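Let me begin by presenting the structure, written as structure tokens, before commenting on it.
The values are calculated or read from the model by the stated rules, or taken from the named source; none is laboratory data. Because the structure is predicted, anything quoted here is derived from the model rather than measured. Cβ placement follows ideal geometry from the backbone for every residue including glycine, while neighbour counts extend to all protein chains displayed. When the accessible area is computed, the model is the full protein with side chains, heavy atoms only, and any ligands, DNA or RNA have been set aside. Shrake-Rupley method; radii C 1.70, N 1.55, O 1.52, S 1.80 Å.
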Amino acid sequence: MRKLLILYFLLPLMAWGQSSLPPCREQETDLSARRDNCFGTLIYPSGNRYVGEWQEGQANGQGVSYTASGIEWESGIWKNNRLAIARPVDIPELRRSSTNTSFVEHFSSRLLERPTEARWRDRLERVVQLEIGTWLSLRQGEFTEIPAPAYPAGLSLKQESWETNKEFEDRVDKARTERRQTIDRLQAEYKKRVDERNRRVAEFNKQQQERHAQLPQKRRELIQLGISILNPAVSLADPAFDQQSGALTVAAQVDGLGKQTFAFKDTPQAFRKSALTEPKTMKAKPEFLVSDAGEITLQGITVEAG
């Protein structure tokens, strides 16, 4: 991710601002309409949408893609229905507040209905980082310092001319008792609020520590879930058979993970014949291994032939 972000900063600076194109006249759900030199929205049957500039019937210029649930997926400069430069766009029409969504919904976007296999690792990394950031960002709540209570002022009583000494003493005793009771009540309320705040702070810190301790496992679970959602394709090539050992070898490659060679021993003759004579009919299902650090490796493949 760090390399990707650095790449964005190295891209040429461009001017961002209000779109100068007129609104598109075509209906937002009309997929067959040709949009030229205008600013508008296209909503796909899946509910995903593109909002931005159109040139020569394609998304060209400033634009933003949204998922069906209204989550902003990608924004920046588009070229021929593809995002060419990713960057925040300062166009009022494109501003959309984020809404809560599940991890799975982040993968529901099909940018202009184009295939996403070629960039599955980029998408996976971005969505996992987003989910982890949300997962670690616990709602902190109100942890401000509790102000000390304002106690009633000290007594300043004067004996009136119509009061007896006994009456004055009784009034002083009553005032002292009421002041003491008020102070005790304020102190009790203050202690209760401070104890509650400290309890919430301790609970928050405990949850933070627990989640940071669970981070490797959480990242691994999210990556594995994301892989199952994106279902990256594996391509097979160079099948070979060692007649001496009886092992069939096949080279497998998944975009972004490089090429690996797998050996299959004790395979049926019909399987070997189909793999060697009709290699294009082979299909494979990859099995991935995810480390605690989030590194993805191709652990194995299940191959079908014929």
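In the set (1) open to solvent by 80 Å² or more (accessible area, probe 1.4 Å); (2) modelled with pLDDT under 90, the condition left unmet by K166 is number (2).
Of the residues making up the stretch 236-251, those that are under 17 Å from E278 (Cβ atoms) and either charged (D, E, K, R) or touching a residue at least 40 places away in the same chain (Cβ under 8 Å) (or both) are L236, A237, D238, P239, V250. Beta carbons closer than 7 Å, at least 6 apart along the sequence or on distinct chains, pair a first residue in the stretch 254-282 that is under 10 Å from F241 (Cα atoms) and open to solvent by less than 50 Å² (accessible area, probe 1.4 Å) with a second that is part of a loop (DSSP other than H, G, I, E, B) and among the small types (G, A, S) for A275/A305. Residue count for the stretch 284-305 under the criterion of being in contact (Cβ under 8 Å) with a residue 24 or more places away in the chain and open to solvent by 80 Å² or more (accessible area, probe 1.4 Å): the result is 2.
Screening the stretch 239-253 for residues that are aliphatic (A, V, I, L, M) and in contact with a Lys or Arg (Cβ under 6 Å, 6 or more places away or on another chain) and picking the one that is surrounded by the most Cβ atoms within 10 Å (Cβ to Cβ) gives L248.
Inspect the stretch 221-238 for any residue being hydrophobic (A, V, I, L, M, F, W, C) and open to solvent by 60 Å² or more (accessible area, probe 1.4 Å) and give the result as yes or no. Quick ask: steps written out before the conclusion?
Looking only at the stretch 221-238, we keep the residues that are hydrophobic (A, V, I, L, M, F, W, C), and these are 222-223, 225, 227, 229-230, 233-234, 236-237.
When the remaining residues are screened for being open to solvent by 60 Å² or more (accessible area, probe 1.4 Å), the result is 225, 233.
Yes, the conditions are met somewhere in the stretch 221-238.
Taking the criterion of being touching a strand residue (DSSP E or B) at 6+ places or on another chain (Cβ under 8 Å), outside any strand (DSSP E or B) and closer than 27 Å to R121 by Cα, the residues of the stretch 220-250 that qualify are R220, I223, Q224, I227, P232, A233.
Within the stretch 204-220, the set of residues being open to solvent by less than 50 Å² (accessible area, probe 1.4 Å) and either among the aliphatic types (A, V, I, L, M) or over 19 Å from V290 (Cβ atoms) (or both) comprises F204, Q208, L215.
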